[in-house]
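These notes are about the structure you will find just below.
Every read-out reported here was derived from the displayed coordinates using simple, explicitly stated rules and does not represent laboratory data. This is a predicted model, so every value here is computed, not measured. Virtual Cβ from ideal backbone geometry, glycine too; neighbours counted across all protein chains shown.
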Amino acid sequence: MTNIAYKKITDRTLVATSEDFIAGAISLDNFSLVIDSTLFPSTGRLLRNQVEKVFKLPIRFLFITHYHGDHLWGVPAFNDVIFLGSELLIENIIAEREIQLIRFEEWRKREPKKAHLIDEIDISFLPHITFTNGIEIRDGKLVVELNHCGGHTSCSSYAYFPHEKVLFIGDLIFAKQWPWAGDPTCNPDKWINALQEIMNLDVETIIPGHGPIVSKEEVEVYVNFLKKLKEETITILENEKGVECIKIPPFYKDNTPREWVKKATLEYFYNYYGNQLG
Ligand SMILES: [Zn+2]
């Protein structure tokens with residue numbers, strides 16, 4: 001069974017971390033809101049039980065930051081909760097459905113011990129309420145702002161809780177490690193813009209989609225890295241050189257547990273800006 005570590009970050013926020021995912025929750029006065037549903041319905045249920053136990057409030061909303069499985073597939077555990085996401089979340093879930101069913105089949109064969117967990121995944125769930133730019137969840141004086149920005153994926157969004165200066169940033173930050181920019185809907189320019197906007201928010205604690213909890217310093221490191229990687233990629237393209245010639249700007253260069261993440265990201269930048277330059 002997946003080991004999940006739960007940690008209360010502030011009075012009103014909780015984070016659940018495992019090898020495969022990070023999810024969390026915010027408690028308002030009369031209800032709580034869960035952010036991301038974990039990888040499996042079974043882990044989603046564990047998260048749900050913990051949030052209800054710690055906050056002693058009903059969970060009224062589930063907000064999904066983007067359509068990747070490690071954030072989305074626990075949704076069946078919240079089947080009686082109002083599901084919120086950006087408008088493009090629906091588009092991305094639907095666009096991926098067919099291929100995803102094939103991938104589940106392959107996954108069952110690859111990891112038969114997980115077959116019962118995979119069987120419980122149900123990708124027919126879609127958000128009940130969507131937003132194009134943003135939406136505010138209010139409970140008395142407390143507010144949680146859900147904002148759509150794109151970047152890591154076209155549907156990427158984040159949850160900002162100004163009352164405690166906490167931000168759930170999803171996969172816009174893979175803290176202390178390489179970003180994964182291999183999704184077909186990734187937009188490096190929107191990613192840079194989103195992080196620049198986030199730099200203007202009054203935030204002390206940032207819960208990333210992967211890696212340790214960080215502060216705005218990490219956002220600055222990240223946005224500088226993405227900007228430099230963009231510049232370098234454009235220079236390489238202008239000189240008509242191949243992707244292998246990209247000189248990686250100083251960053252978590254030697255801290256890449258998954259080499260394919262780095263490779264996919266460099267190739268994506270190269271193709272993305274290559275298409276832009278025509
Ligand atoms: Zn992701």
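Each peptide in 27-35, 178-186, 63-71 was scored by the mean count of other Cβ atoms within 10 Å over its residues; highest first, the order is 63-71, 27-35, 178-186.
Fully extending the segment from Ile82 to Asp20, taken as 0.36 nm per residue of separation minus the present Cα-Cα distance, adds 19.9 nm.
Axis angle, to the nearest 10 degrees, between helix 216-238 and the longest C-alpha principal axis of the chain: 30 degrees. Within straight-line reach of Lys241, meaning a Cα separation under 17 Å, sit the following aspartates and glutamates at least 8 residues removed in sequence or on another chain: Glu231, Glu232, Glu267. With the charge dipole of the chain set up from +1 on Lys and Arg Cβ and -1 on Asp and Glu Cβ about the Cα centre, the Cα lying farthest toward the positive end among the listed residues Ser156, Ile35, Ile236 is that of Ile35.
Amide H contacts for Ser32 (H built 1.01 Å from N in the peptide plane; partners 5 or more residues away or on another chain; cut-off under 5 Å): Ile59, Arg60, Phe61. Would you mind checking the stretch 177-219 for residues with the amide N under 18 Å from a putative spin-label position 7 Å along Cα→C-beta of Lys263? From the stretch 177-219, the list is 178-184. Net charge dipole, the chain: roughly 620 debye, given to the nearest 20, about the Cα centre with Cβ charges of +1 for Lys and Arg and -1 for Asp and Glu.
Placing +1 on each Lys and Arg Cβ and -1 on each Asp and Glu Cβ, with no other charges, gives the stretch 1-139 a dipole about its Cα centre of roughly 500 debye. With the charge dipole of the stretch 1-90 set up from +1 on Lys and Arg Cβ and -1 on Asp and Glu Cβ about the Cα centre, the Cα lying farthest toward the positive end among the listed residues Val15, Pro58, Ala77 is that of Pro58. How much FRET efficiency would the formula 1/(1 + (r/R0)^6) give for Glu164 and Lys241, where r is the Cβ-Cβ distance and R0 is 35 Å, rounded to 0.05? That pair, Glu164 with Lys241, gives E of 0.15. In the elastic network of the chain, a GNM with C-alpha springs shorter than 10 Å, the most mobile of Asn79, Asn193, Asn92 is Asn79. Of the cross-linked pairs Lys165/Lys230; Lys114/Lys176; Lys216/Lys263; Lys176/Lys216, those separated by over 24 Å at the C-alpha level are Lys165/Lys230; Lys114/Lys176; Lys216/Lys263. This model, with +1 at the C-beta of Lys and Arg and -1 at the C-beta of Asp and Glu, gives the stretch 136-278 a dipole about its Cα centre of some 200 debye. GNM on the chain, C-alpha springs below 10 Å: top fluctuator among Leu88, Leu172, Leu237? Looking only at Leu88, Leu172, Leu237, the biggest GNM fluctuation is shown by Leu237.
When the Gaussian network model of the chain links Cα atoms closer than 10 Å, the mean-square fluctuations of Leu39, Leu146, Leu201 top out at Leu201. Extension gain for Asp189-Ile234 works out to 14.9 nm (0.36 nm per residue, less the C-alpha to C-alpha distance). Between Ser215 and Ile248, the C-beta separation translates, for a Förster distance of 30 Å, into a calculated FRET efficiency of about 0.80.
Below 8 Å, C-alpha to C-alpha, sequence gap of six or more: please give me the relative contact order for the stretch 5-216 in percent. Averaging sequence separation for qualifying contacts and normalising by length gives 16 percent for the stretch 5-216. By the rule of a C-alpha distance below 15 Å, with chain neighbours fewer than 8 residues away ignored, the aspartates and glutamates paired with Lys109 are Asp119.
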